[in-house]
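Scroll down for the structure; my scribbles are underneath it.
The values are calculated or read from the model by the stated rules, or taken from the named source; none is laboratory data. Predicted model only: the values in this text are computed from it and were never measured. Virtual Cβ from ideal backbone geometry, glycine too; neighbours counted across all protein chains shown.
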Amino acid sequence: MTTAAARSVAEQRDTAVPDASLLAARAADSKLGDQTVILSVGDALGITEAFVITSGGNARQVRTIADEVELQLKEAEEGRAPIRIEGLDDARWVLMDYGDFLVHVFVDEAREYYDLEHLWADAPRVAWA
């Protein structure tokens, strides 16, 4: 394994991401979001600081996870709401844009297909638990 690959696999605690992205990951986990990760993409992307990526086993769970993320951020962040939410109709891939971070909630098959973790393999993973 290359040094860069080893770095991307290891979760880092000192990587700066918005605190609200940590809360979003915990909210997803509270509704049994599967393999929830935070990627620090700010240095590579420039338009946002982090991706929170999680998945659910079916469309109902994906909607439940997305609803819980939205609810917990509104409660903890003084009414903070996403700028835009896409994908709630079929709930295969729900994208929640909070500006400084994005939340991706996939149904398992869609997560495997799009494989954002592989696409952003060089982005540091951030420990959130």
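Points to keep in mind about this one:
- Matching residues, the stretch 18-38, being over 11 Å from His104 (Cβ atoms) and surrounded by fewer than 24 Cβ atoms within 10 Å (Cβ to Cβ): Pro18, Asp19, Ala20, Leu22, Leu23, Arg26, Asp29, Ser30, Lys31, Leu32, Asp34, Gln35
- Among the residues of the stretch 86-102, some residue qualifies, meaning at least one is among the hydroxyl-bearing types (Ser, Thr, Tyr) and buried (at least 17 other Cβ atoms within 10 Å of the Cβ).
- Among the residues of the stretch 105-129, those identified as charged (D, E, K, R), surrounded by fewer than 18 Cβ atoms within 10 Å (Cβ to Cβ) and outside any helix (DSSP H, G or I) are Asp115, Asp122.
- One residue from Ala44, Ala50 being under 21 Å from Leu22 (Cβ atoms) and at pLDDT 95 or above: Ala50
- Residues within the stretch 39-60 that are over 16 Å from Phe101 (Cβ atoms) and surrounded by 20 or more Cβ atoms within 10 Å (Cβ to Cβ), tallied: 2
- At least 2 residues being closer than 23 Å to Pro124 by Cα and touching a strand residue (DSSP E or B) at 6+ places or on another chain (Cβ under 9 Å) is the threshold, and among the strands (runs of 3 or more DSSP E) wholly inside the stretch 17-104 those reaching it are 34-40, 50-56, 93-97.
- Identity of the residue in the stretch 1-33, farther than 21 Å from Val94 by Cα and polar (S, T, N, Q), that ends up modelled with the highest pLDDT: Thr15
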